[in-house]
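This report concerns only the one structure given below.
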Ligand code: HEM
Ligand code: HEM
């Protein structure tokens, strides 16, 4: 399978990054909800749930930054559909390119300004330094709100994105979903 995109479809770098980011992003949302709303606040499990959330969140920051660079330098495959649909897809894709980066940065700010000053043990291997920001209750509350609402706002955009992918596949019967699937050779004029 080819590495690079062309006007007809995605290469393996874009496809690999897309699904890796999608899986980690959805897992991060679930872990975020569980650790803040379901697990008891003081349990050791909660401490480790936070540490895994921070570790995978920072990994996602790296992957999403790599993807952004890749999208900026790579050919963008042509989006199928009416002018309005192409415009809407462009807006949604741009949001989803940037959102994971902003959410992860906001999370990093939360832990950096928290007066508790709990270190981040990335994958239990090394300590990630805090950002050079002044700790304080107000700053922590504000950063938490930004982190939380960016995350939940992005979930709504992802829901629209998934619904659009399913509509393309089942209703409009084009190859939009299939060309984002691994191990599929794309060639011109392979619409169903
Ligand atoms: C794109 C990656 C990330 C996503 C999607 C995400 C998502 C979430 C979600 C959904 C919550 C629960 C919010 C709530 O209901 O209160 C949460 C909480 C939290 N996240 Fe993240 N997060 C990400 C990255 C990070 C990173 C990189 C860090 C730190 C290095 C971090 C630190 C935290 C902390 C400390 C909380 C608890 C905030 C509170 O006290 O409510 N997150 N995150
Ligand atoms: C089950 C979940 C998902 C499905 C079925 C899905 C499906 C797709 C499809 C079919 C495309 C190609 C659209 C086109 O060529 O016009 C695409 C592109 C894209 N998706 Fe998803 N997606 C999912 C989850 C996500 C998530 C969670 C994110 C980000 C947090 C995301 C971000 C993107 C971006 C940025 C693009 C633009 C192309 C690129 O990767 O550079 N997707 N998605």
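The values are calculated or read from the model by the stated rules, or taken from the named source; none is laboratory data. Just so you know, these numbers come straight off a predicted model, no measurement behind them. Every residue, glycine among them, receives a Cβ derived from its backbone with ideal geometry; neighbour counts consider all protein chains shown.
General observations
- Condition check for residue 88: surrounded by 14 or more Cβ atoms within 10 Å (Cβ to Cβ) and more than 12 Å from ligand 2 (Cβ to nearest atom): no
- Unique residue being within 23 Å of residue 150 (Cβ to Cβ), within 15 Å of ligand 1 (Cβ to nearest atom) and more than 13 Å from the chain's Cα centre (by Cα) when the list is 33, 71: 33
- Summed over segment 133-166, residues that are more than 14 Å from ligand 1 (Cβ to nearest atom) and touching a helix residue (DSSP H, G or I) at 6+ places or on another chain (Cβ under 8 Å) total 6.
- Filtered residues of segment 167-182 (kept if surrounded by 12 or more Cβ atoms within 10 Å (Cβ to Cβ) and either within 16 Å of ligand 1 (Cβ to nearest atom) or part of a helix (DSSP H, G or I) (or both)): 167, 168, 169, 178, 179, 180
- Every condition in (1) near ligand 2 (Cβ under 10 Å from one of its atoms); (2) farther than 30 Å from residue 139 by Cβ holds for residue 64 except the one numbered (2).
- Selection status of residue 46, surrounded by 14 or more Cβ atoms within 10 Å (Cβ to Cβ), at pLDDT 95 or above, more than 9 Å from ligand 1 (Cβ to nearest atom) and farther than 25 Å from residue 180 by Cβ: yes
- Looking across 121, 126, one residue alone is touching a residue at least 60 places away in the same chain (Cβ under 8 Å) and more than 16 Å from ligand 2 (Cβ to nearest atom). It is 121.
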